Amino acid sequence: MNGSRVERFTDVAIAAFLWALRIAVILVVVVGSFLTISQGRFTGAAWIGLAIDGLVLGSIYALIALGYTMVYGILRMINFAHGEIFMAGAFGGYFAGVFLAGAGILNAHPVLSVLSIIVMICVAAALSVAISLLVERIAYRPLRNAPRLVPLISAIGASFVLQYTFRGFLGPGIYAYPDIDFLATPLPLPFDFRVRDLLIIGSAVVMMAGLYLFVMRTRYGTAMRAVSEDRSTAVLMGIDVNRTIMLTFAMGAAMAGAAGVLYGLLFRQVFFFTGFVPGIKAFTAAVLGGIGNIPGAMLGGLFLGEVESIGPILFLDGFGVPSTNQLKDVVAFTMLVLILVFRPSGILGERVSRQRA
Amino acid sequence: MQKYMRWSAILVVLMLVLAACQSDGGGDTSEAPSTDGSQPAETEGTANEIPTDELGVVEIPEGDPIHLAFWGVLSGPDSSLGVDAQRGFEIAIDDRGGELLGREIELSSEDGLCTPEGGATAAQKLAADTTIVGLIGSVCSDETVGGIKTITEAGLTTISASNTRPALTAEDRDETFAGYLRTAHSDAIQGDVAAQFVYNELGLTTAATVHDGSAYAEALQQVFADSFTALGGTITAQEAVDKGQTDMSTVLSTIAASEPELLYMPIFTAEGGFIVAQSGDAAGLEDVALMGADGLFSTDFLEAAGPNVEGMYLSSPDFSAFGDAYQDFLAAHEEKYGEPPLQVFHAHGYDAANILMNAIEEVGVEVDGTLYIPKGALREAIYATTDHEGLTGTLSCSEFGDCSAPVIAVYQITATEVGPPPVLPTAPIWNPPAE
Amino acid sequence: MTTALPPVAQLTAVAWGHVIRTGLIGAAVAVYACLVGIVPTFHERPMIQGIISLGQTALVLILLGTGYLAARRHAAGLTALTAGAASGLIAGAGVTLLVIVGQLIDLRAVFSPASPALYDVVTFELGVAGAWIPAAFGIGLGMAAGGLSLLAPAVRRSIVNGLLAVLLLGLFAGLLRTPMLGSPLGGLARLLFASNGLTIAGAVISFVLVTAVSHVPRRVDIAQPLADLPAPQRRLLTLPFLIGGLILLLVIPQALGPFFAQVIALVAIYVLMGFGLNITLGLAGLLDLGFVAFFAVGAYTVGLMTSTAEYGLLQWPFWAAVPFAVILAAVFGGFLGLPILSIRGDYLAIATLGFGEIIRLLAGSDLLKAVLGGPRGIVNIPKPISVPPDHFLAGPDQIYYIALACAAGVAFVAWRLRASRLGRAWIAIREDEDVAEALGINLVNTKLLAYMLGAAFAGLGGAVFAGLVGSIFPSSIDLFVSINVVAIIIIGGMGSLPGVVVGAIFLIGIPELFREFSDYRFLFYGFALIAMMRFRPEGLIPSTIVARELHGDAEPEEPEEPATGPAPSAAAS
């Protein structure tokens, strides 16, 4: 086991390996993009369409990512069940939407449609918050002082419980979201941009701005930041830590619930497994932006959405790779790994303790 | 600690006793010692003689039921495919008063999840249960691809009511398919009918296809593409999606960029629903016609796809060509389940079940109250089926396991079917011209 | 947790707040079990033929539990009975209310199991006219539970043992009956078991017998004299048990038939992988959520080298391919490990999770279809040992023995490694990376070794799995495989080899035996994970090293920082 020579060798090997990795990735990206663009299979309009898709999807990721990032910032814990909170929101919005459609309100007039969507978002957020608080109370709070792996496993358990509870309640079938005709109206722009896209991006921006102001400007937000900075000192300062943590979960869940409705409106469907993949993606977005960092989550979400949407075609189509859309998640996860290797603090830098082990 | 030891000691002893008993007793259903003869023993007419069979004999003690099993997808988004075929099986059992050779019929089922892995797992469970006499299934061709080797090696024989991948009953299939037959049509026919419809009837010359990587979809879209090209059409893109994929925007953009007039998507409920629902939003796909196949012929799909599904074409067996007995079947179905059939393969399930049960009646021998069913003879009896008057036509099994009498037609989804509540179209809009 | 109640039976007056709260929780649990579909689905299976189904048993257990929890802190007879009956009534009334509400409004729009069939189950086929039945049962069962809490602990334990025996025998009736029928025990099997579930006679006999047996020998306590013996003699005494256990392991598949062999073969494969991850996670503390990637490498290597079907390249025998599978998996682990092992903690978990997903997606993609077969995978992988169909090794038995042998080998390696210098280096890293580095341990090298070893064992697991199933598909390379293995280690006990075995039996074996309820598999799985973390985070069989490190502290050991520690940062300011 002795031998600094061995160590020096592995150090050099690792450095060389990382450099080779860097060069390979850059080569794929540059050459692939060049080839794809020079082959000209995709028109400018197609690229704009993909970019808009990415922006819309990215806004939804960003909204979910906020919940991950806030909870991680305050408890240093990956809330693995957050994707399920999002799914619950999507179902809440679905039932509200079906009720409104049945009452003949949903499609009666554009104004009523928009109001209905606001109602759906509120119902979804309420359901998500309720479930999130229940999960926090039962699965997380008793473990708050336990070692890190313990709440993570408990969160994985909570994720299963929520998924399969919804499956038990609602069956394994796919529920088609009620259709809102008004959302498909194109806007008078030189490219294809519909009311739905505007609505999703717009409401995501409004909610994220609201959350940011809440965290930065209000007393409760200050308390949240204080607890995330140093819990024991925060207690000494007279902050009710339990309430603050619950508030953090509730805020994140409300965002996820709203995101669930937007996701449903975008993809028209919801079923019990809806939350899993977007949940992992949103966590990726949070890490990309720098975990614990609220603007970072927003930026990470948008970035991930764009890379997912444009990346597979731009980087890979030129090489003649078949069915590039299958590799969308490969591109996303590769980016995650690369960011973790080369810039572990994310795009904007993380805002939690450096001493995380 | 000591307490556990005491209990585990008791357990050890029990196990040993059981193991010992097993080896003496031979087990109620273990294979009878095989004779060196390669032919299964002739069983007809020879009363009071215990049959032997190189694939083994299922022994059913007095009072025990005959155990039949259904395997195939019964959960998840594609469950209606399996439930539909299984209901055909159940009605066939009811029509015999739930009895065969004077024994009660016990029906169990294994879920194959519509994946090759699920099929492999289900097949292993079935092969491990030595009380099982015969099988109906699988539902998705993938399940057969994954599981058939295990089933054939266990000496079992299965009849599928809904596998349509051509290779499963092709002339060059290998010996692992010896235990496999089907009453469903081969997609060599369905894909060709679809191509004729699109090129000759709709007059379209460009088309794109999507498959989900499943054995069924991949083969069917290829048959369609080949036939369509042979007729003079052009395939602009052949794309793939993953099972479980929800965001179809990228694949739809890629397809739109190739500018087809029709999108042929012979896939299953979940991904099919996502594609149809999102196709309305993709720029450049507004005027592209959509066409699916029998895998999408269900109310679950209509429900999942939403209003965009209006105008879509679906190919499927032609119910109007089924015999009069089909009306009785529908009445029995309505009475038993309180709803019309969910998918297209219930009648095929009914026919498959009857072929299986007829063959069991033919080979079963009762000696001293114990019923013996030789597995190899059963397999041969099924292959020997000729001119079986079924719901789907007059069926005869080929040496490669094809027992189907395919009549394929094209249906179109109109506002009536979209609902709510969604219902299945009842009359085809187009039949292929007679040869 | 609002009012501090005495932990044992001391209350002389009924603590109504406690009773009502317990009753309401019981009602919530009972209604949840109905609406999530557990009760109607489990109703399909009889528990005691003609008397009670498994679904109804679930409700009975919930009501009994509610009554017991409410009653056990009450000392006086009448108060305990009152407390039990009252909380049982509340819990049962919850179900009654559900039946009544369900008759007034159709709940099926949201709760699909809330059908008339469900109401028939809970009212014993009486429908709404029998809505009072659950509440009445609640009173009766609650009172019974109250009575139970008053009995002397020894008597209570015996009765509970008897009830447990009835429950277990009823659950495993099908499994036990089939092999018994063919043996001289057939008559006994017919007496005890119906075609599924127990007969009435079987239930009574097993209850009386087990209650009696577990009550009587309590007087002859062999534990104490045994513990007093000197160590060598004690070892000599435990030797028969070890040999017995070994024989048991070898005869299980023969005794219980091919279905059971199949299940335990799968358990053995997970044990094998669990031992592998135990090095990575249990010793070195690296949380790897992408373990399935190496499993995939092993399985696909074997598939490509041995398959006789379309994508098979070499048609080698299984055994020739296994070493390549293991080596390739280790090399793969090295390549993946190099860039990411400098990442710390949770990020490593997420990065490895990403790897697992990348491998799965690539295996199923059109890109590699020409090589790996795409979603249809590689089929016709030959069995490791080719024997005629009536040989005792023909079925899944052989895979069980192979997996068992591999697991034993891996266990030996893991056990020796833990005691080695390398093992201590791993534990040092797990405890504190910075300190370990200061002590002269090369972090990257040491971690890389742990990672590669874990990968090699996963590759072996994948190879055996390919032999078991006879095929390999991208859908087998599921994130759930990784999570299963992690959960096995956590539930069994970090760093504990027997723990891995127990964890695999609980998480893989038991659910496989109840495949007809597979819809609820992950629901119970989730509840089990949460409950374990809450009540026994150190695992079912904690490792002795962990216990020693804890100095007898019941808290589980963990490498990371104390969660409450100061976290100096510039959080979102």
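Coordinate-derived values only; no laboratory data. This structure is a prediction, so every number in the text was calculated from the model and none was measured. So basically every Cβ, Gly included, is an ideal-geometry build from the backbone, and we count neighbours across all protein chains shown.
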Principal axis lengths of the stretch B:70-149 from Cα atoms, whole Å, largest first?
37, 27, 15
Going fewest to most other Cβ atoms within 10 Å around each Cβ, A:TYR68, C:TYR401 line up as C:TYR401, A:TYR68
Angle in degrees between helix C:54-71 and the longest Cα principal axis of chain C, rounded to the nearest 10
70
Can you compute the charge dipole magnitude of the stretch C:40-126 about its Cα centre, using +1 on each Lys and Arg Cβ and -1 on each Asp and Glu Cβ, nothing else charged? Give it in debye, rounded to the nearest 20.
360
Lys and Arg at +1, Asp and Glu at -1: add these up for the other residues within a Cβ distance under 12 Å of B:ASP281 and post the number.
-3
For the stretch A:244-276 and the stretch C:232-285, what is the centre-to-centre distance using only Cα atoms, to the nearest Å?
44
From the alpha carbon gyration tensor of the protein assembly as shown, can you work out the equivalent ellipsoid semi-axes (sqrt of 5 times each eigenvalue) and give them in Å, largest to smallest?
44, 43, 34
Which of C:TRP426, C:TRP16 comes first, and how do the rest follow, when ranked by fewest Cβ neighbours within 10 Å?
C:TRP16, C:TRP426
Give me the net charge for the shell around B:PHE70: Cβ to Cβ below 11 angstrom, other residues only, Lys and Arg +1, Asp and Glu -1.
-2
If you consider only alpha-carbon coordinates, what radius of gyration and Dmax does the stretch C:28-98 have, in Å?
13.5, 41
Please report the Cα spread of the stretch C:58-209 along all three principal axes, rounded to whole Å, starting with the longest.
54, 45, 23
Report the Cα centroid-to-centroid distance between the stretch A:100-161 and the stretch C:116-145 in angstrom, as an integer.
33
Using only the alpha-carbon atoms, how far is helix B:346-363 inclined from the longest principal axis of chain B? Give it as 0 to 90 degrees, nearest 10.
20
Could you tell me which of A:GLY264, A:VAL307, A:VAL287 has its Cα farthest along the dipole of the stretch A:239-357 towards the positive end, charges placed at Cβ (Lys, Arg +1; Asp, Glu -1), taken about the Cα centre?
A:VAL287
The Cα radius of gyration of the stretch B:284-359, divided by 2.2 N^0.38 Å with N its residue count, comes to 1.38
Of B:SER186, B:ALA304, B:CYS140, whose Cα points farthest to the positive end of the dipole of chain B (charges on the beta-carbon: +1 Lys, Arg; -1 Asp, Glu; origin at the Cα centre)?
B:ALA304
Counting every Cα pair in the stretch B:291-435, what percent are over 17 Å apart?
67
Percent RCO, i.e. relative contact order, over chain C, from Cα pairs under 8 Å lying at least 6 residues apart
14
With +1 at each Lys and Arg Cβ and -1 at each Asp and Glu Cβ, the charge dipole magnitude of the stretch B:253-321 around its Cα centre, to the nearest 20 debye, comes out at 100
Averaging over all projection directions, find the projected area of the Cα convex hull of the stretch A:27-94 and quote it in nm² with one decimal place.
7.5
The stretch B:157-261, Cα convex hull volume normalised per residue, Å³
115
Out of A:PRO190, A:GLY346, B:LEU356, whose Cα points farthest toward the positive end of the dipole of the protein assembly as shown (charges: +1 Lys, Arg; -1 Asp, Glu; placed on Cβ)?
A:GLY346
Prolate/oblate/rounded label for the stretch A:114-174 (Cα gyration tensor, a/c 1.5)
oblate
Quick one: compute the contact order of the stretch B:300-435, relative version, from alpha carbon pairs under 8 angstrom and 6+ residues apart, as a percent.
33
Under the Karplus relation 6.51 cos²θ - 1.76 cosθ + 1.60, θ = phi - 60°, what is the ordered set of whole-Hz ³J(HN,Hα) values for the stretch C:78-91, x standing for Gly and Pro?
5, 5, 4, 5, 4, 4, x, 5, 5, 5, x, 4, 4, 4
Quickly estimate the mean residue ellipticity at 222 nm for chain C, helices only: each DSSP H run with n ≥ 4 gives -39500 (n - 2.57), and the total goes over all residues, rounded to 500.
-21500 deg cm²/dmol
Apply the Karplus curve 6.51 cos²θ - 1.76 cosθ + 1.60, θ = phi - 60°, to the phi angles in the stretch A:30-44 and return the couplings in whole Hz, x for Gly and Pro.
5, 5, x, 4, 4, 4, 4, 5, 6, 6, x, 5, 10, 7, x
Two pseudo-spin positions, 7 Å from Cα along C-beta at A:ALA130 and at A:THR222, lie apart in nanometres by 3.4
Choose one answer from A:GLY32, A:GLY89, A:GLY346: the residue with the largest mean-square fluctuation in a GNM of chain A with alpha-carbon springs under 10 Å.
A:GLY32
The orientation-averaged projected area of the Cα convex hull of the stretch A:223-351, in nm², is 9.7
In 10 Å bins starting at 0, how do the alpha-carbon pair distances of the stretch C:380-528 split up by percent?
9, 30, 33, 19, 7, 1, 0
Per-selection Kirkwood Rh - the stretch B:226-330 (Cα, Å, 1 d.p.):
15.0
Taking only Cα atoms of chain A, radius of gyration then Dmax in Å
21.9, 79
Where does helix C:479-492 land angle-wise versus the long Cα axis of chain C, in degrees 0 to 90, nearest 10?
70
Treating the beta-carbon of each Lys and Arg as +1 and of each Asp and Glu as -1, no other charges, what is the dipole magnitude of the stretch B:102-236 about its Cα centre, to the nearest 20 debye?
140
Quick check on chain B: take the gyration tensor over C-alpha atoms, sort the square-rooted eigenvalues as a ≥ b ≥ c, and tell me if it's rounded (a/c under 1.5), prolate or oblate.
prolate
Relative contact order computed over the stretch B:252-349 (Cα-Cα under 8 Å; 6+ residues apart), in percent:
27
Each residue of the stretch C:119-133 in turn: what ³J(HN,Hα) in whole Hz from Karplus with 6.51, -1.76, 1.60 and θ = phi - 60°, glycine and Pro shown as x?
5, 5, 4, 6, 9, 6, 6, 9, x, 5, 4, x, 4, 6, 4
Proxy reagent accessibility, fewest Cβ within 10 Å first, across C:ILE378, C:ILE252, A:ILE118:
A:ILE118, C:ILE252, C:ILE378
Which lysines, on any chain, are close to A:LYS328 with Cα under 27 Å apart, when same-chain ones fewer than 8 places away are left out?
A:LYS281, B:LYS243, C:LYS369
For the stretch A:83-210, the Debye formula with one identical point scatterer on each Cα and no solvent gives log10 I(q)/I(0) at q = 0.10, 0.14, 0.22 Å⁻¹ as -0.44, -0.77, -1.28
Looking at chain B as a GNM with Cα springs under 10 Å, which of B:GLN124, B:GLN222, B:GLN327 has the largest mean-square fluctuation?
B:GLN327
Quick one: among B:ALA230, B:ALA277, B:ALA293, which has the greatest mean-square fluctuation in a GNM of chain B with alpha-carbon springs under 10 angstrom?
B:ALA230
20 Å binning of all Cα-Cα separations within chain C, expressed as whole percents from 0 upward
17, 44, 35, 4
Note down the Stokes-Einstein diffusion coefficient of the stretch B:356-434 in µm²/s, whole number, using a Kirkwood radius over alpha carbon pairs, 37 °C, and 0.692 mPa s.
203
